[in-house]
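Here the structure comes first, spelled out in structure tokens, and everything after it is commentary.
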Amino acid sequence: MVPAETYLGWRQARIPGDDHPMRQPQFIRSNTFHWAFMVAGVFAVFVIVLFGFIYWKIDDYLTARSDRVITVELESIASLPPERRLDAIDEKLRQDPRMVQLAAIFAPDGHRIAGNLESLPPQLRIDAPAQAADITRVDRNRRVRQVVRAIARRMENGDILVLGRNVDEAGEISHVVGQALGLGLLPAFLLCLLAGAWLSVRAQKRVEEVNQRVQRIIAGDLSERLPYRTVDEPFSKLAIIVNGMLDEMETMIHALAGVGNDIAHDLRTPLTRARLTLERGRTNASSLEQLQTVADKAITGIDQSLAIITALLRLAEIENGRRSAGFGSVALHEMLREVCDIYEPIAENKNISLQVDVKHQLTVRGDRDLLIEAVANLVDNAIKFTPEGGRVDIELLRGNGETIVRVADTGGGISEPEREAVLRRFYRSDKIRNTPGVGLGLNLVAAIVKLHGFRLAIHAGQGCRVEIICPDRKGEVSEPARLR
Amino acid sequence: MALVLGKRAVSGMRRSSNANVCAAIENQLMPKVLLIEDDSETAEEITAELAERGFEVEWSADGIQGLDQARSSRPDAMIVDRLLPGMDGLTVIEALRKDQVRTPVLVLSALGAVDDRVRGLRMGGDDYLTKPFAIVELVARLEALLRRPAESRETTLRVGPLELDLIERTAKRGDRVIDLLPREFRLLEYMMQRSDQLLTRAMLLEEVWNYKFVPATNLVDVHMGRLRHKVDGPDDSPMIHNVRGAGFILRTGS
């Protein structure tokens, strides 16, 4: 077993007073075991109290019953004529094989006339209801001191009639109860402890197993997962949740590795060009003019690399979602007009008709600068990929509780297999790779859209149709005012 | 954005800007600039370039020392790096602003994120430039800071034959009325307030278009092309000049 400190250190640190962690076996110190022990203890106390109560009740009942019996018998013997009472007592004692009956008649001076009581118990109150009495019983050959229930009555001739009954059944019952306790409770208690110890050992084994796997993950084996059973138990559920997280992280880490390669490729290409240009220029340039041309080319290459770094950093910034603090109300209709206004000359230069169709006054919550950037990127792309003489339409629509910004063009569109892929992080179409620009534009749009909780949809139509779908926020449904 | 360090490309610009910087700072032959930057190579390049353009440059490599220097020598403008040994660049600016020192400050930083930029400006910086930058960009922004247009109540701007009525929103060159779109009007207004001054594309994007990012397409060139077409008629001598690889200048004289 791995020393406790390696993976349970946090727990020890949190239990005050647990200063000697290594003195007891591990499973005894475990939380599970403590709980099991406590449950067993509570269970034992409960059972003992229950048995005590039952015992007390039974004792009470038996006493009351024997009191009734002796009272009735006393009545019946007392009602006999004095000479027949002795016979009745003899008869009664003869028919008592278990020797629980006590009966005696004492003369007024205390002298025993008949029966099996040695003497009239001094504390026994006469003509009182049945009561406990400390008596000495005499049979043919022995004397026994007992505490019994007894009743005494003075007869009309002055004799005192005493009847008693040894209710020792209560003692027997307590004996039986004790045995039952011994036989039942002790094993139950031990079973509890055993179960606790077993659960604790099992939990520790699983923790240990998890620890080993986690160590492997830390060491770099990203495909490792936590063990779980298919049954519905908390530990497995937790393991499944953690595994889900690990899946996500593995994908992300692989994606990042891919990004690393992409960045390396995209940075190396312009840097290689710059380097080659400089190297060749240094050897071959013979005039200042030539050297300056070379320097200009090199600077262009370096600028391209820098632009890629800037775009990636910006993407990271947006994806980290640190900008939601700057959210406010953004009037989309105005924003779209502005974007159109900015891009109109560019479209015109390319003989593309750029139209904005805004029927509603719609606002959303968001970062105005980022949203402009997103829409500008879409329009920029649309103009770039639309051949001369085509058209680009910017539309603002309402429908289904959603506000939709649509940019449609008559360009080549995005092919079916690529439609999903362009939204994936850092995917870059080979077509896009060779056109000017950094090529992270759509990723940036996707990141901005995601930051706002909107959706990005790419449709095929005549050309390409990209939509930013802004669902209404709950409780913030603003009926759009129709323009004009 | 292209870096142009070659003298050929900027020589035309320097001629005019030198004269103007000198004119702008009264009672002084050369505007004094304090540079607080810990990387000595960068500092050397900047110092050399600025000296060549007629600035007197003081250099400090450390935040605390830089702050002392700013207090004692009262420069006309400052260029402050954000990450400095001793004291953070923004703290230096904050300390100066607390002393009611209003010297314009250009903040340099390798932190390019928009939030950092906003923070830099909020802490008292007047402009913000992300590393790496083109040296022309730095000089253009520095000059813009030194010659910030005074708050004026003038409702008409005049630059040479150009006249801009800010109330009526009309423009004229001589007697010829120029029909401008709102965006073009704003662009021309900005340029006329800063005539004879190099305006880089990044500056224009930030100030005229209020863009916080660099668009893929050369937006500024297209818009500027249209404006130039309207302002400089076929028979006029050109007023809007393209400084290759750097930006644009609206020149007063012909």
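The values are calculated or read from the model by the stated rules, or taken from the named source; none is laboratory data. As the structure is a prediction and not an experimental result, all values here were calculated from the model. Neighbour counts are summed over all protein chains in view; Cβ atoms, including those assigned to glycine, are modelled from backbone coordinates with ideal geometry.
Per-structure values
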{"quantity": "Long-range neighbours under 8 Å by Cβ, at least six apart or interchain, first residue modelled with pLDDT of 80 or more within the stretch A:246-258, second among the basic types (Lys, Arg)", "calculated": "A:LEU246/A:ARG225"}
{"quantity": "Some residue of the stretch A:363-381 being of a type outside the set (D, E, K, R), surrounded by fewer than 22 Cβ atoms within 10 Å (Cβ to Cβ) and under 22 Å from A:ILE448 (Cβ atoms)", "calculated": "yes"}
{"quantity": "Some residue of the stretch A:67-83 being touching a Ser or Thr at 6+ places or on another chain (Cβ under 9 Å) and farther than 21 Å from A:LEU191 by Cβ", "calculated": "no"}
{"quantity": "Some residue of the stretch A:171-194 being in contact with a helix residue (DSSP H, G or I) (Cβ under 6 Å, 6 or more places away or on another chain) and outside the structural domain of A:GLU91 (by TED's automatic domain parsing)", "calculated": "no"}
{"quantity": "Positions within the stretch A:85-105 being within 13 Å of A:LEU161 (Cα to Cα) and among the basic types (Lys, Arg), in sequence order", "calculated": "A:ARG85"}
{"quantity": "Tally, over the stretch B:220-245, of residues that are modelled with pLDDT under 85 and within 14 Å of chain A (Cβ to nearest Cβ)", "calculated": "2"}
{"quantity": "Residue ID - farthest from B:ARG251 (Cα to Cα), chosen from residues in the stretch B:185-212 that are within 8 Å of chain A (Cβ to nearest Cβ) and surrounded by 18 or more Cβ atoms within 10 Å (Cβ to Cβ)", "calculated": "B:TYR211"}
{"quantity": "Filter pass, A:GLU395 being facing chain B (nearest Cβ under 10 Å), within 30 Å of A:ARG473 (Cβ to Cβ) and touching a Lys or Arg at 6+ places or on another chain (Cβ under 8 Å)", "calculated": "no"}
{"quantity": "Any hit, the stretch A:221-235, residues being part of a helix (DSSP H, G or I) and without any contact (Cβ under 8 Å) to a residue 40 or more places away in the chain", "calculated": "yes"}
{"quantity": "Failed item in (1) within 10 Å of another protein chain (Cβ to nearest Cβ); (2) modelled with pLDDT under 90, with A:HIS360 passing the rest", "calculated": "(1)"}
{"quantity": "Wholly within the stretch A:269-378, strands (runs of 3 or more DSSP E) carrying at least 1 residues that are closer than 17 Å to B:LYS212 by Cα and either in contact (Cβ under 8 Å) with a residue 24 or more places away in the chain or out of contact with any strand residue (DSSP E or B) (no Cβ under 6 Å at 6 or more places or on another chain) (or both)", "calculated": "A:328-331, A:363-366"}
{"quantity": "Residues of the stretch B:35-46 satisfying the condition of being over 17 Å from B:GLY63 (Cα atoms) and touching an Asp or Glu at 6+ places or on another chain (Cβ under 9 Å)", "calculated": "B:ILE46"}
{"quantity": "Verdict on A:SER324 being touching a helix residue (DSSP H, G or I) at 6+ places or on another chain (Cβ under 8 Å), at pLDDT 90 or above and either loosely packed, with under 14 Cβ neighbours inside 10 Å or among the hydroxyl-bearing types (Ser, Thr, Tyr) (or both)", "calculated": "no"}
{"quantity": "Helices (runs of 4 or more DSSP H) contained in the stretch B:41-143 and holding at least 2 residues more than 30 Å from A:LEU315 (Cβ to Cβ)", "calculated": "B:63-73, B:89-98"}
{"quantity": "Matching option when the condition is surrounded by fewer than 18 Cβ atoms within 10 Å (Cβ to Cβ) and either touching a strand residue (DSSP E or B) at 6+ places or on another chain (Cβ under 8 Å) or touching a residue at least 24 places away in the same chain (Cβ under 8 Å) (or both), among B:GLY247, B:GLY160, B:GLY225", "calculated": "B:GLY160"}
{"quantity": "Residue match in the stretch A:233-242 (condition: under 20 Å from the mean Cα position of the chain (by Cα), modelled with pLDDT of 85 or more and within 30 Å of A:LEU313 (Cα to Cα))", "calculated": "yes"}
{"quantity": "Residue in the stretch A:263-271 that is away from chain B (no Cβ under 11 Å) and loosely packed, with under 12 Cβ neighbours inside 10 Å present", "calculated": "yes"}
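Okay, residues lined up against (1) within 14 Å of chain A (Cβ to nearest Cβ); (2) under 30 Å from B:ALA51 (Cα atoms); (3) of a type in the set (D, E, K, R):
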residue	(1), (2), (3)
B:LEU142	no, yes, no
B:ARG148	no, yes, yes
B:SER152	no, no, no
B:LEU162	no, no, no
B:ARG169	no, no, yes
